[in-house]
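The values are calculated or read from the model by the stated rules, or taken from the named source; none is laboratory data. Fair warning: this is a prediction, and the values are worked out from it, not measured in the lab. Because the Cβ atoms are built from the backbone with ideal geometry, glycine has one as well, and the counts that use them run over all protein chains shown. Side chains included, ligands, DNA and RNA excluded: accessible areas come from the protein's heavy atoms. Shrake-Rupley method; radii C 1.70, N 1.55, O 1.52, S 1.80 Å.
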Amino acid sequence: MIQISKSNNEIRSVEDWFRFAPPKKGQLQWKDGRSAKELAKAWFPAPGEPQVPGELTALTESCSATAGVTWQRGEPERVTTFDDCGGEGRNADLVLWGLLAGQKVVASIEAKADEEFGKIAGEYADKCANADRPSRVPDRLELLCKGLLNVSRYDPAAGKLRYQLLTGLAGALVEARNHDASIAMFIVHEFLGVTDPEKVRANEEDLRNFVSTLSKGSITSISAGQLVGPFTVPGNQFFDGTSPIYIGKCRRTIGPAA
């Protein structure tokens, strides 16, 4: 049975989730129809033991390399350091640790309704580079681009990627290394219903573009219920490419009054 906890506090309800692991902006983000609260509701349809969402199970079972994984524990709002640039690291909505055929497995979950995957990486780094205050964001993006894609941050394709997807993948790889995991997953858990269709389509395009760039064009699409990979990356001094990583997307449709 999986246990969800934060800072040694066991989470057994949606209310516990907010009490012990609130989103970064607190009550402003904790709303029905928004990803932070809907993720908690997906794991706790009722108070008590957490329930692995059916769409997540269907996703991992769809791939022969991950079918049969048993999740043992999870931590919401987990911050993972993936470089030495200071500031906050990767803030995962949920990190899961489990076992598959005796081997350790890690998954980093990014919950999304129609919130975007962060800023456009190249534009963000350029803005920070030209700001009055010194910033390590350009250095951070260079480390990400080299470690994940083996290109400079000035690479046109890399510059168009969404920053949150790059940091999410790096964070998953760091968690895999720290846990000595044989398989890592970066999963987008999407919640549709109280959402803007145009923003949802933009997110779909951003995720497709990310997968295509990471695979050097060999994978050009990713749909809900699909886990693609494995991918390997060059790595750097903070994360390595020894753990194959899969990228997936699962979806839950919610109602206006969810």
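Summary table below
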{"item": "Residues of region 97-134 that turn out to be without any contact (Cβ under 8 Å) to a residue 40 or more places away in the chain, closer than 18 Å to Thr242 by Cα and open to solvent by 80 Å² or more (accessible area, probe 1.4 Å), as a count", "result": "0"}
{"item": "Members of region 200-258 found to be aliphatic (A, V, I, L, M), closer than 26 Å to Ser64 by Cβ and either in contact (Cβ under 8 Å) with a residue 60 or more places away in the chain or not in a strand (DSSP E or B) (or both), listed by number", "result": "Leu207, Val211, Leu214, Ile219, Ile222, Ala224, Leu227, Val233, Ile245, Ile247"}
{"item": "Yes/no for Ser218 being open to solvent by 50 Å² or more (accessible area, probe 1.4 Å), over 15 Å from Ala121 (Cβ atoms) and hydroxyl-bearing (Ser, Thr, Tyr)", "result": "yes"}
{"item": "Filter pass, Gly171 being at pLDDT 95 or above, assigned to a helix (DSSP H, G or I) and within 30 Å of Trp43 (Cα to Cα)", "result": "yes"}
{"item": "So Val14, is it modelled with pLDDT of 95 or more and within 16 Å of the chain's Cα centre (by Cα)", "result": "no"}
{"item": "Among (1) open to solvent by less than 20 Å² (accessible area, probe 1.4 Å); (2) free of Cβ contacts under 8 Å to residues at least 24 places away in the same chain; (3) among the polar types (S, T, N, Q) - the single one Ser7 does not satisfy", "result": "(1)"}
{"item": "Unmet requirement for Pro23, which otherwise passes all of (1) under 16 Å from the mean Cα position of the chain (by Cα); (2) crowded, with 21+ Cβ neighbours inside 10 Å; (3) of a type outside the set (A, V, I, L, M); (4) under 22 Å from Tyr246 (Cα atoms)", "result": "(4)"}
{"item": "Qualifying position, being closer than 22 Å to Leu149 by Cα and modelled with pLDDT under 95, among Lys249, Lys216", "result": "Lys216"}
{"item": "Candidates Arg201, Arg177, filtered to the one that is closer than 23 Å to Ala42 by Cβ and open to solvent by 10 Å² or more (accessible area, probe 1.4 Å)", "result": "Arg201"}
{"item": "Flag if Ala184 is modelled with pLDDT of 95 or more, among the small types (Gly, Ala, Ser) and in contact with a Pro (Cβ under 9 Å, 6 or more places away or on another chain)", "result": "yes"}
{"item": "Failed condition for Ala65, given (1) open to solvent by 40 Å² or more (accessible area, probe 1.4 Å); (2) within 23 Å of Lys249 (Cβ to Cβ)", "result": "(1)"}
{"item": "Hits in region 141-168 - residues which are open to solvent by less than 30 Å² (accessible area, probe 1.4 Å) and charged (D, E, K, R)", "result": "Arg153"}
{"item": "Check on Val151, in a loop (DSSP other than H, G, I, E, B), of a type in the set (Val, Ile, Thr), over 14 Å from the mean Cα position of the chain (by Cα) and under 17 Å from Asn209 (Cβ atoms)", "result": "yes"}
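Residue-wise test of (1) among the acidic types (Asp, Glu); (2) touching a helix residue (DSSP H, G or I) at 6+ places or on another chain (Cβ under 8 Å).
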position: Lys37; (1), (2): no, yes
position: Lys41; (1), (2): no, yes
position: Phe44; (1), (2): no, yes
position: Gly54; (1), (2): no, no
position: Thr60; (1), (2): no, no
position: Ala65; (1), (2): no, no
position: Pro76; (1), (2): no, yes
position: Asp84; (1), (2): yes, no
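So that you can scan it fast, the table gives a plain yes or no per residue for (1) in contact with a strand residue (DSSP E or B) (Cβ under 8 Å, 6 or more places away or on another chain); (2) under 24 Å from His179 (Cα atoms):
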{"site": "Ala131", "(1), (2)": "no, no"}
{"site": "Arg140", "(1), (2)": "no, yes"}
{"site": "Leu148", "(1), (2)": "no, yes"}
{"site": "Pro156", "(1), (2)": "no, no"}
{"site": "Arg162", "(1), (2)": "yes, no"}
